[in-house]
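Following: one structure in C-alpha cells, then a few remarks.
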Amino acid sequence: MLSRIQILLQKLALRLGFKRDWYLIALGAAIGGVTAFGAIAFMKLLEWGSHQAASAASRWPLWTLPLIPMAGALATGFLVYRFAPEARGHGVPEVMDAIYRKGGRIRKRVASVKALASAITIGSGGSAGAEGPIVQIGSAIGSGISQTLGISREQTSTLLGCGAAAGIASVFNAPIAGFIFVLEILLRDFSLRTILPIMIASVMGAAVTQSVLGQNEALFGGTHVLEGYSFHVFELPAYAVLGVICGAIAVVFIRSLYAAEDLSERVRMHPVIKPVIGALLLGLLGIGFLMISHVAGSSATMPAFFGNGYEMVTGLLDPKTFGDMLSTVSANSPLEAARTTGHPHIVDVSLPPHFWLLGLLLVAKLAATCFTLGSGGSGGVFAPSLFLGATGGATFGVALQWLGFIPAGGSPAAYALVGMAAVVAATTHAPITAIIIVFEITRDVYVLLPIIFAAGLSIIVAQFFLVDSIYTLKLRRRGVLLGSSADLTILRRITAQQVPLAPHVAVFPDDSVSRLLELNRNYQITDFVVTDHDGRYLGMVPAQALRTALIEREAIPLLLVDDIYRSDLPVIHPDESLDQVLDKFSRNDVASLAMVADGVMVAGADQGRAVSGLITRTRLIRRYQQALTEN
C-alpha cells in the first residue's frame with residue numbers, strides 16, 4: 001500500500017513537471033509540520049519541569065538542592081537504559097552516526113524517549129540544552145516517516161535532515177539556522193536537491209510553531225538588545241583577543257566533557273546510577289555557588305548555571321544589566337583614578353567583584369555541564385556553549401571597561417553577544433551556523449562584523465588544538481572518519497547496487513588451472529569467481545594469481561583452482577555505500593570484487609552467499625563520475 005502511494009506521488013510529480021525526487025519537497029513540508037508539534041510538546045514539558053524544580057528549590061532548604069537534579073537523573077537513567085541507549089548524551093553525534101553508518105535509519109522510539117529524558121534532565125536542573133535533543137527528536141521523526149513510506153537510503157538521510165532542521169527552527173525560532181545547521185554539520189551536502197526539502201521543512205517548522213504559540217519573538221531579547229551600539233574599527237584588537245579567549249574556552253570545554261565521559265565509562269557502576277552521581281556533584285556545586293552569591297547580596301534559590309541558563313544569558317545581553325555596575329567600575333578604573341588623582345602609581349588595581357562572579361559562573365557552568373552530560377544525562381551542548389560564550393565575553397567586557405578601553409556608548413553586553421557566537425563556532429567548527437543562529441536568536445545586527453571576525457579567530461584557535469569538533473570527536477573515537485568535501489558526501493549517498501555489475505564466470509575448486517587459461521584466451525577474462533557446486537561464494541582467482549601461476553608453466557597441468565584462489569578477499573554487499581566499497585579496494589590490490597546477495601533462494605533452496613556479479617574499479621569510478629555530473 002505504502003509503495004503504491006510512493007509511486008503515485010512520483011507519477012504526480014512527473015506530470016506536474018518535477019524531476020525525479022522532487023516529491024521530497026512535499027514530504028519535507030509534512031515532516032516540518034509534524035516535527036513542529038513534537039517540538040512544541042517538548043518545550044511545554046521542559047517549561048513545566050523547570051517551573052516545578054524552581055518552585056521546589058524556593059520552598060525547600062538549601063541543603064536539599066541536590067535532591068532535585070538527582071531525582072531527574074534517576075528517571076533519565078532508567079529511561080535511557082531501559083528503552084533507548086541512543087538517547088544518552090548530547091544527541092547530535094548519534095544522528096551523524098545514523099547518517100554515515102546506518103543509512104539514516106533511527107529507531108522510532110528514540111524521539112519519545114529523547115524528549116522525555118532531556119526534558120527531565122534539563123527541567124530538574126541538569127546543565128544542558130535543547131538543541132541536541134530536538135535534533136535527535138526531529139531526525140527520528142524524519143527517519144521514521146521515511147522508513148514507513150519505504151523511501152530509499154539515499155533519500156532517507158535527506159528526510160532525516162528535514163526533521164532536524166524543523167526541530168531547530170521550532171525550538172529556537174530560527175529557520176535559516178535550522179537548515180544551515182543540517183547542511184553544514186549533519187549532512188555536509190550543499191547540492192540543490194538536498195537544500196530544497198530541508199529549507200522547506202525548516203520554514204514549515206517555524207511557521208507552524210509561530211501559528212500555534214501565537215508569537216514570533218527572538219529567543220533572547222525580543223528586540224534589538226544592543227540598539228544604538230556602533231562598532232568602531234579600533235575595537236578590532238579587543239575582539240581579536242576575545243576570539244582567541246573563546247577558542248581556548250571551547251577547547252577546554254570539549255576536552256573536559258570527553259574526559260568526564262571517559263571517567264564515567266571507567267567507573268564500575270550500574271548505568272542508571274551514574275547520572276545520579278553526576279547530579280549529586282551538580283547539586284553540591286550549586287550549593288557552593290549560592291552560598292558565595294548570597295554573600296554578594298543575591299537572593300537566588302536556583303543557581304544560574306542550572307538548566308539551560310537562558311535567563312542569565314538574556315540578562316548578560318542587556319546593557320542595562322551593566323548600567324549601575326559600570327559607573328562604579330569606570331570611576332575606580334586605573335586610568336580614571338590616575339587622571340583624577342594625578343598619581344598614576346598610587347591606584348587600586350583590584351578588579352571589580354562582578355568580574356570575579358562572572359568568571360566563577362563561567363567555570364561553574366563548564367563543570368556543571370561535564371557533571372550532567374559526562375555522567376550520562378540527556379541534553380545538548382549548544383545552550384552550554386552559548387552560556388560559556390556569554391559569561392566569557394561579559395567577563396572580558398567588564399575587564400575592558402575597568403581598564404577604560406570601551407568607547408562611549410559601548411557595553412560588555414556587546415562582548416557577551418560576540419562571545420556567544422565565537423564559542424559556538426569553536427565548539428562546532430561550523431562558523432556559518434554559529435553566526436546565523438546567534439543573529440536569529442537575538443535579531444541584533446549591530447555587532448555582526450565583530451561576530452564574524454571573532455568567530456573566525458576562535459575556530460582557528462580551536463582547530464590548532466583539536467582537529468575535531470565537539471560532535472565529530474565522538475565519531476572519530478568510534479572509527480567513523482568524516483570528510484568535509486562534497487565528493488565524500490556523494491560517495492556515501494550511492495550504494496553498491498547502483499553500480500552496473502560486470503558478468504562473472506564461476507569456476508570450482510576442483511577445476512584445473514589450464515581451464516582458466518583457456519577461458520582467458522577465448523573470452524579475455526582476467527578475474528574468476530570461485531564457488532562450490534551449489535553456487536555459494538568461496539573466493540576469487542584474481543589476475544595477479546593467474547600471472548603468478550604462469551611463471552612455472554610446467555606445473556600448470558598439475559595445478560587446480562583450489563591451489564591458487566584467494567579466500568581472504570572481501571565481498572561487496574548491495575547496501576554498502578561507495579566509500580565503504582572504495583575502502584575495500586584500497587586494502588586489496590585487485591581489479592574486481594564480487595558482489596553477493598546473502599540469503600538468496602534459488603529453486604527453493606537457500607543459496608547463502610550467491611554471487612550477483614563483479615564490481616570493477618573502472619565501473620566504480622564511472623558511476624562516481626556520473627554522480628558528480630548529476631550534482
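A few notes on this one:
- Just one of the listed residues (SER152, SER230) is in contact (Cβ under 8 Å) with a residue 60 or more places away in the chain and more than 23 Å from LYS474 (Cα to Cα), namely SER230.
- Residue match in region 267-280 (condition: modelled with pLDDT of 90 or more, assigned by TED's automatic domain parsing to the domain that holds GLY359 and crowded, with 16+ Cβ neighbours inside 10 Å): no
- Of the residues making up region 55-86, just one is modelled with pLDDT of 90 or more, closer than 21 Å to GLY288 by Cβ and among the hydroxyl-bearing types (Ser, Thr, Tyr), namely THR64.
- Looking across region 255-279, the residues that are out of contact with any Pro (no Cβ under 6 Å at 6 or more places or on another chain), of a type in the set (A, V, I, L, M, F, W, C) and part of a helix (DSSP H, G or I) come down to LEU257, ALA259, ALA260, LEU263, VAL276, ILE277.
- Here region 427-470 is the region considered, the condition is being under 16 Å from the mean Cα position of the chain (by Cα) and closer than 23 Å to GLY315 by Cβ, and the residue that is surrounded by the fewest Cβ atoms within 10 Å (Cβ to Cβ) is ILE437.
Residue by residue, here is whether (1) outside the structural domain of ILE99 (by TED's automatic domain parsing); (2) out of contact with any Gly (no Cβ under 7 Å at 6 or more places or on another chain); (3) among the aromatic types (Phe, Trp, Tyr) holds:
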residue	(1), (2), (3)
SER157	no, no, no
GLY163	no, no, no
ILE168	no, no, no
PHE172	no, yes, yes
ALA177	no, yes, no
PHE181	no, yes, yes
GLU184	no, yes, no
LEU187	no, no, no
ILE198	no, no, no
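- The set of residues from region 177-204 being surrounded by fewer than 21 Cβ atoms within 10 Å (Cβ to Cβ) and under 16 Å from ALA36 (Cα atoms) comprises just one member, VAL203.
- Condition met for ILE68 (in a helix (DSSP H, G or I) and in contact (Cβ under 8 Å) with a residue 12 or more places away in the chain): yes
- Counting only helices (runs of 4 or more DSSP H) that fall entirely inside region 305-405 and contain at least 1 residues that are surrounded by 18 or more Cβ atoms within 10 Å (Cβ to Cβ) and modelled with pLDDT of 65 or more, the qualifying elements are 310-316, 353-374, 382-403.
- Flag: VAL251 matches the condition of being in the same structural domain as LYS320 (by TED's automatic domain parsing), buried (at least 18 other Cβ atoms within 10 Å of the Cβ) and in contact with a helix residue (DSSP H, G or I) (Cβ under 8 Å, 6 or more places away or on another chain).
- Residue tally, condition closer than 15 Å to CYS162 by Cα and under 23 Å from the mean Cα position of the chain (by Cα), over region 200-219: 7
- Residues that are under 14 Å from LYS274 (Cβ atoms) and either not hydrophobic (A, V, I, L, M, F, W, C) or not assigned by TED's automatic domain parsing to the domain that holds LEU116 (or both), drawn from region 38-71: PRO69
- Residue match in region 101-122 (condition: within 23 Å of MET302 (Cβ to Cβ), over 16 Å from the mean Cα position of the chain (by Cα), of a type in the set (A, V, I, L, M, F, W, C) and not in a helix (DSSP H, G or I)): no
The values are calculated or read from the model by the stated rules, or taken from the named source; none is laboratory data. Keep in mind it's a predicted model, so treat the numbers as computed, not measured. As a convention, Cβ positions derive from the backbone with ideal geometry for all residues, glycine included, and neighbour counts pool all protein chains shown.
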